Each structure stands twice: as structure tokens, then as C-alpha cells.
Amino acid sequence: MSDNKCTVMVQRYLPESDSHAETSHHAAQVFMQSFEVPFDESTSILDALNYIKEELDPSLSFRWSCRMAICGSCGFMVNGIPKLGCKEFLRNYVTGQNKAELTIEPLAHFTVERDLMVNMDEFLHHLEAVQPFLMGDTSATIVNKQTPAQLAKYKQFSNCINCGLCYSACPQFGLNPEFVGPGAIALAHRYNLDSRDKGKAKRMPLLNEHNGVWSCTFVGFCSEVCPKGVDPAAAVNQGKVESAKSMLIQMFTGGN
Amino acid sequence: MEQQKGYKQELRGNWWLKHTFFKRYMLREATVLPLVFFLSVMLVGVFSLLDSVQFEAWQRLMAHPIVIVMNILALIAAFYHAFTFFELFPRVMPIRFGDKLLPASFIVAGQWIAVVAVSAGFISLFLHFGGAQ
């Protein structure tokens with residue numbers, strides 16, 4: 001490795017040191033720790049964290065798995081922006097000759113369990129609630145043929161890896177965790193657009209609610225940070241068009 | 001439900017000051033303020049048409065430098081809002097031909113052409129009736 005050095009500030013939170021936390025002042029257990037990490041052109045944020053854990057401080061906790069931006073486990077806030085640790089490189093944070101500086105924090109808007117690990121349950125509940133799977137006649141005897149045009153309609157939205165970066169980017173989710181949120185709505189939209197699916201009527205009631213698509217104000221930062229180019233903001237706002245149509249139909253048919 | 005362990009950082013009111021992306025978003029939302037001014041003045045003007053004394057007073061108000069500056073600001077705000085709206089529109093209403101997507105630049109250009117056409121229509125209408133006086 002070259003003699004390039006990066007100063008990595010990592011946010012730590014160790015709940016077991018929470019013994020006199022009757023006051024619930026968790027902030028007392030949250031602190032920043034500084035590490036010197038060697039880096040070259042190919043060192044990712046995840047490589048840096050693994051270097052810290054193996055060489056400097058084995059007590060540091062963080063999630064990771066595939067190292068190739070497909071498992072969606074290693075989301076962190078890097079200088080305040082949600083990033084996948086394996087897809088972001090230290091070379092982008094060079095401040096001077098042979099030097100770089102950056103701050104790594106757990107994903108925003110989620111409850112921190114330990115160091116850089118967050119509880120993703122809120123996101124997973126929303127994801128479950130939109131029923132992101134094919135509904136209708138999916139028996140194995142039926143061949144579900146699809147034309148390239150039918151595939152093109154939803155393909156972009158099917159690239160989601162559930163990393164949760166969009167939830168950390170979304171101020172509406174930060175202010176109101178009941179908001180179904182960009183990732184889950186993008187997946188609901190993906191299945192609504194699928195020609196093989198018959199479940200749209202079951203998904204729309206949740207999306208029609210205030211905490212569904214209408215909590216979105218098209219800030220659009222979710223789409224900026226998405227590592228897979230899903231453009232969840234587009235999905236949510238296309239969902240508003242669908243929701244408006246669905247509500248009009250309800251008005252005239254009187255059904256729910 | 002089990003009490004959630006860990007801690008959560010609350011989002012404060014100044015969240016949008018932390019990133020230029022959020023500041024641009026807030027600027028887009030704030031364009032409503034000069035537009036509210038323009039629309040209220042316009043509404044007062046329409047009602048003042050009922051009385052010639054009031055209408056003359058309204059015309060004097062419109063010639064006031066501060067009102068002119070506010071209206072120029074409202075025009076700039078309207079253009080900025082239109083710009084952001086037109087950029088977002090192709091993502092909300094994508095137009096497809098089979099498996100091909102109509103390029104976003106076509107839709108954005110189409111919207112600006114519509115703005116020019118409608119504005120030209122109104123300007124020629126005003127010139128026509130203004131000239132008849």
C-alpha cells in the first residue's frame with residue numbers, strides 16, 4: 001500500500017456502557033473516534049472499516065457482506081451523505097497531498113443499535129406492507145410471457161437492493177417514520193407496472209393514504225443517493241398519478 | 001411491543017441547511033411567496049375595476065418602485081419554478097413508444113415551446129386590444 005493516509009472519523013455507540021443511563025441521555029454514549037488508515041486508488045470505505053476492525057480496534061461494529069453493491073448491507077453516512085461503503089472510495093475525499101479526511105456515521109433517520117449498525121425494522125415493515133410480490137394467477141402451469149415493452153415499463157424499479165439509503169436521504173421520512181417511504185413505494189410501483197401482476201387493487205389503499213405517496217414533496221434526494229439508479233422519487237410521483245386515478249374511480253363507483 | 005434499544009437522532013428544523021441540494025429544494029418551495037404577492041395584488045386590481053377612483057389608486061400602486069421590484073421578483077420566481085417543474089415532469093409522466101422512452105429533453109423542450117406560444121398569444125391579444133383604444 002502507498003503512504004497515503006486518511007483520517008477517518010467514525011461515530012461510535014456502545015450500548016453496554018449505558019449502565020447509568022436511567023436518564024436516557026444516550027448522547028453520552030455516542031462519541032467520535034479518529035483512525036489513521038492507509039489508502040490507495042482502490043480503497044473503499046468498507047476496506048477502510050475492515051482495516052480499522054482488523055488492525056486498530058476490533059470492537060468496531062458494522063454490517064457488510066458482498067463488497068460489490070448488490071447485498072445492500074453496508075450503507076453509512078459519509079460526510080453526511082448516505083453511501084454504500086463498498087461503492088465509495090477514499091480517493092474521493094483527498095484534502096491535501098497524500099491526505100484525506102472523512103466522517104462515517106450510521107444511516108440517518110433510523111435507530112442506532114451499535115456503532116454503525118442501525119435497526120432497519122421501520123423500513124422492513126413498510127416494505128412488507130406494500131406486498132412486493134406477484135399476485136394473481138402465478139401457478140406453475142401458466143407461462144407468464146412478457147414482451148420487451150412490458151418489461152421496460154418496470155425494469156428500472158426492479159433494481160432496488162433494499163439498502164435503505166433513500167430513507168436516510170428523505171427528510172419526510174426523517175420527520176415522519178410512518179411515511180411508507182421511497183424504497184417501499186418504488187417496489188410497490190414496480191409490481192403495479194408488471195403485466196403479470198393482479199395485485200394493484202390490494203396495494204393502492206395504502207399508497208392512497210396520507211402516509212402513502214402523498215407524504216412525498218419531491219425533494220428528490222432519494223434518487224440522487226440511490227446506488228442502483230432506481231429513481232424512487234419518480235416511482236413515488238408516478239404513484240401520485242395512479243393514486244389520483246384510483247381515488248377518482250372510487251368516487252364514482254362508491255367502492256373502497 | 002418491545003421497547004426499542006439504541007438511540008435515534010431527531011431531525012431538527014434546520015435539516016435543509018446542511019446540503020445545497022436541500023437549499024435548492026427550499027428555494028423551489030419558497031417561489032410561492034412572491035407569487036402569492038403577485039396574485040393578491042392582481043385580485044385587488046380585478047375588484048378595483050368596479051370603481052374608477054379605486055382603479056386609479058390601484059394603477060398608482062402598481063407604478064410604485066417597490067411593487068415593480070416585487071413583480072419582477074415574482075416573474076423570476078415563476079420562471080425558476082417552471083424550470084424545476086419542467087425538469088421533473090418527464091420523470092412523473094414518462095412517455096413510452098413500445099419499449100422506447102421518449103427522451104426527457106424532448107418533453108422539457110415541448111413545455112418551453114408551449115410557454116413561448118401561450119405568452120406570444122397573450123402578448124398579441126394585449127397589443128391588439130391596447131391598440132384599439
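Read-outs throughout are calculated quantities, based only on the coordinates presented, and are distinct from any laboratory measurement. Since we're looking at a predicted model, the values are computed, not measured. Don't worry about glycine lacking a Cβ; one is built from the backbone with ideal geometry, like all the others, and counts go over all protein chains shown.
What FRET efficiency comes out for the pair residue B:72/residue A:159, r = Cβ-Cβ distance, R0 = 45 Å, nearest 0.05?
0.50
Taking amide hydrogens as placed 1.01 Å from N in the peptide plane, the amide H of residue A:113 sits under 5 Å from those of A:118, A:119, each at least 5 positions away in sequence or on another chain.
Remark on residue A:103: its backbone amide H falls under 5 Å from those of A:9, A:79, a criterion applied only to residues 5 or more positions apart or on other chains, H modelled at 1.01 Å from N. For residue B:42 and residue B:83, the FRET efficiency from 1/(1 + (r/R0)^6), where r spans their Cβ atoms and R0 equals 25 Å, is about 0.65. Spin-label model, residue A:253 to residue B:64: label points 7 Å out along the Cα-to-beta-carbon direction sit 5.5 nm apart. Structural descriptor for chain A: relative contact order 17 percent, calculated from alpha carbon pairs under 8 angstrom and at least 6 residues apart.
Across the stretch B:102-116, coupling constants 3J(HN,Hα) worked out from phi with the 6.51/-1.76/1.60 Karplus curve, θ = phi - 60°, read 5, x, 4, 4, 5, 5, 4, 4, x, 5, 5, 4, 4, 4, 4 Hz, and Gly and Pro carry x. Each of residue B:8 and residue A:32 was given a label point 7 Å from its Cα along the Cα-to-Cβ line. The distance between the two points is 2.5 nm.
Between the DSSP loop rule and a limit of at most 15 other Cβ atoms within 10 Å, which trypsin sites (Lys or Arg not before Pro) in the stretch A:82-150 are left? The partial results should precede the final answer.
On the way: sites: A:83, A:87, A:91, A:99, A:114, A:145; in loops: A:87, A:145.
Those satisfying the criteria are A:145.
Taking θ as phi - 60° and the Karplus parameters 6.51, -1.76 and 1.60, the scalar couplings of the stretch A:195-209 work out to 4, 7, 8, 10, x, 4, 4, 7, 7, 4, x, 5, 5, 6, 5 Hz in sequence order, x denoting glycine and proline.
Would you work out if chain B is rounded, prolate or oblate? Take a ≥ b ≥ c from the square roots of the eigenvalues of the alpha-carbon gyration tensor; rounded if a/c is under 1.5, else prolate when a/b is larger than b/c, oblate otherwise.
oblate
Using a 4.7 Å Cβ-Cβ cutoff, the cysteines of chain A lacking any partner cysteine are A:6, A:74, A:86, A:160, A:163, A:170, A:216, A:226.
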